[in-house]
Amino acid sequence: DQTLLKVEDLEVTFALRAGDYQAVKGVSFQLDRGGRLGLVGESGAGKSITGFSIINLISPPGRISGGRVLFEGRDLSKLSPEAMRSIRGDRVAMIFQDPMMTLNPVLTVGQQMVETIRAHRSISQAEAEALAVAKLAKVHIPSPERRLRQYPHEFSGGMRQRIVIAISLLADPALIIADEPSTALDVTIQAEIMELLLELCESERMGLILISHDLGVVSQVSQRMAIMYAGHIVEMGPTEAIVRAPRHPYTQGLLAALPGLQSRRGRLNQIPGVMPGLTNIPPGCPFHPRCQSAKDVCRTELPALISRRDHAVACHLTREEAQA
Ligand code: SF4
Ligand code: MG
């Protein structure tokens with residue numbers, strides 16, 4: 001089976017004092033083995049919550065309140081906490097914006113890599129060290145034997161993120177979920193980390209879910225993108241199609257705001273307004289207060305995500321176009 005991951009109608013609810021609020025609703029997508037999907041949207045769109053849901057890492061007051069996640073054919077919601085932990089450690093790896101969330105500052109890189117390896121496999125210290133060196137080489141860290149003896153603070157931010165990626169490779173995962181992995185880094189280093197992820201997905205046939213607010217960064221790596229807004233997927237399709245001809249007004253706004261397009265459009269267009277908070281998502285299309293094309297129906301009716309030739313859009317406007 002080519003399908004690695006299938007998320008079906010995912011819903012995540014937060015029980016807050018003021019009531020229950022859906023942070024993610026009706027989110028469905030799938031990923032083939034070795035496939036690369038980008039989840040894009042501003043902060044608060046529900047991208048990270050979607051990513052965490054895949055590995056069942058939603059903690060109270062949040063909970064997965066609907067839908068299911070099938071990974072390698074198994075329904076993850078039906079697994080015991082122990083089985084889930086082993087999937088998290090072996091089959092799915094997670095990379096965060098801050099490498100120090102993963103790295104222990106008081107251990108050398110080699111110590112933590114060897115510890116991680118030996119927690120999963122019974123191999124000798126020497127074999128574990130050899131494996132650690134091999135993985136550091138794979139993420140292009142120069143002189144890995146020497147670097148193994150150093151502490152995280154002796155590395156630059158970009159090198160630390162490479163080490164985190166090397167650690168995530170130790171168990172040969174089938175899927176990496178990377179949440180803003182390059183956001184804290186400068187642009188050149190960002191591009192290098194993206195290139196590395198792309199290279200590893202291809203050489204190891206690893207699936208990638210790349211979560212970022214930066215549509216430009218995601219488009220460098222992902223084959224498909226899902227654009228999220230206020231807990232919903234508003235547009236999804238092949239990266240190339242979305243970048244060339246975005247159909248949702250929000251996606252169009254994100255693209256217009258990319259620095260690379262400045263020359264073409266004359267200026268940097270920011271989408272006016274802000275993403276609504278969890279407790280004040282407006283009725284109808286959640287984007288309507290910021291949308292220049294909003295009509296009456298947009299204020300009352302949530303547009304369904306409708307797919308046409310593998311390119312799905314949730315907007316009343318494009319639906320009319322499709323019918324015309
Ligand atoms: Fe704008 Fe209406 Fe489309 Fe929402 S449904 S994006 S408000 S036109
Ligand atoms: Mg986030």
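The values are calculated or read from the model by the stated rules, or taken from the named source; none is laboratory data. All values reported here derive from a predicted model rather than from experimental measurement. Here the Cβ is made from the backbone with ideal geometry for all residues, glycine too, and neighbour counts use every protein chain on show. Protein only, heavy atoms only, side chains kept; ligands, DNA and RNA dropped before computing areas. Shrake-Rupley method; radii C 1.70, N 1.55, O 1.52, S 1.80 Å.
For this structure, a couple of remarks:
- The set of residues from region 157-204 being more than 16 Å from ligand 2 (Cβ to nearest atom) and on the phi > 0 side of the Ramachandran plot comprises just one member, Asp172.
- Of all residues in region 89-118, those satisfying the criterion of being surrounded by fewer than 17 Cβ atoms within 10 Å (Cβ to Cβ), farther than 26 Å from Gly35 by Cβ and without any contact (Cβ under 8 Å) to a residue 24 or more places away in the chain are Gln111, Glu115, Arg118.
- Listed conditions (1) open to solvent by 10 Å² or more (accessible area, probe 1.4 Å); (2) out of contact with any Cys (no Cβ under 6 Å at 6 or more places or on another chain) are all met by Arg36, apart from (2).
- Residues in region 48-64 that are open to solvent by 10 Å² or more (accessible area, probe 1.4 Å) and touching a strand residue (DSSP E or B) at 6+ places or on another chain (Cβ under 9 Å): 10 in all.
- Listed by first and then second residue, the pairs with beta-carbon distance under 9 Å, at least 6 apart or on different chains, first residue in region 1-26 and of a type in the set (Gly, Ala, Ser) and assigned to a loop (DSSP other than H, G, I, E, B), second open to solvent by 70 Å² or more (accessible area, probe 1.4 Å) and at pLDDT below 95, are Ala18/Thr279.
- Condition check for Gly67: within 21 Å of the chain's Cα centre (by Cα), closer than 30 Å to Val12 by Cα, at pLDDT 95 or above and open to solvent by less than 60 Å² (accessible area, probe 1.4 Å): yes
- The residues of region 53-63 that are free of Cβ contacts under 8 Å to residues at least 40 places away in the same chain and either part of a helix (DSSP H, G or I) or within 20 Å of Leu5 (Cα to Cα) (or both), listed by number, are Asn56, Leu57.
- Test result for Val217, in contact (Cβ under 8 Å) with a residue 24 or more places away in the chain, among the β-branched types (Val, Ile, Thr) and in contact with a Cys (Cβ under 8 Å, 6 or more places away or on another chain): no
- Residue check for Leu131: open to solvent by less than 10 Å² (accessible area, probe 1.4 Å), free of Cβ contacts under 8 Å to residues at least 40 places away in the same chain and out of contact with any strand residue (DSSP E or B) (no Cβ under 6 Å at 6 or more places or on another chain): no
- Residue list for region 142-191, filter: farther than 23 Å from Ser203 by Cβ, of a type in the set (Asp, Glu) and open to solvent by 50 Å² or more (accessible area, probe 1.4 Å): Glu154, Asp186
- Residue match in region 186-195 (condition: of a type outside the set (Phe, Trp, Tyr), within 20 Å of the chain's Cα centre (by Cα) and outside any helix (DSSP H, G or I)): yes
- Flag if Gln97 is on the phi < 0 side of the Ramachandran plot and assigned to a helix (DSSP H, G or I): no
- Conditions (1) surrounded by fewer than 18 Cβ atoms within 10 Å (Cβ to Cβ); (2) among the aliphatic types (A, V, I, L, M); (3) at pLDDT 95 or above; (4) in contact with a Gly (Cβ under 9 Å, 6 or more places away or on another chain); number of the one not met by Leu198: (4)
- Only one entry in Gly41, Gly26, Gly73, Gly19 is open to solvent by 10 Å² or more (accessible area, probe 1.4 Å) and within 16 Å of ligand 1 (Cβ to nearest atom), namely Gly26.
For every residue, the table says whether it meets (1) among the acidic types (Asp, Glu); (2) more than 15 Å from Val92 (Cβ to Cβ); (3) touching a strand residue (DSSP E or B) at 6+ places or on another chain (Cβ under 7 Å).
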{"position": "Gly157", "(1), (2), (3)": "no, yes, no"}
{"position": "Asp172", "(1), (2), (3)": "yes, no, no"}
{"position": "Leu175", "(1), (2), (3)": "no, no, yes"}
{"position": "Leu185", "(1), (2), (3)": "no, yes, no"}
{"position": "Glu202", "(1), (2), (3)": "yes, yes, no"}
{"position": "Gly207", "(1), (2), (3)": "no, no, yes"}
{"position": "Gln220", "(1), (2), (3)": "no, yes, no"}
{"position": "Ala230", "(1), (2), (3)": "no, yes, no"}
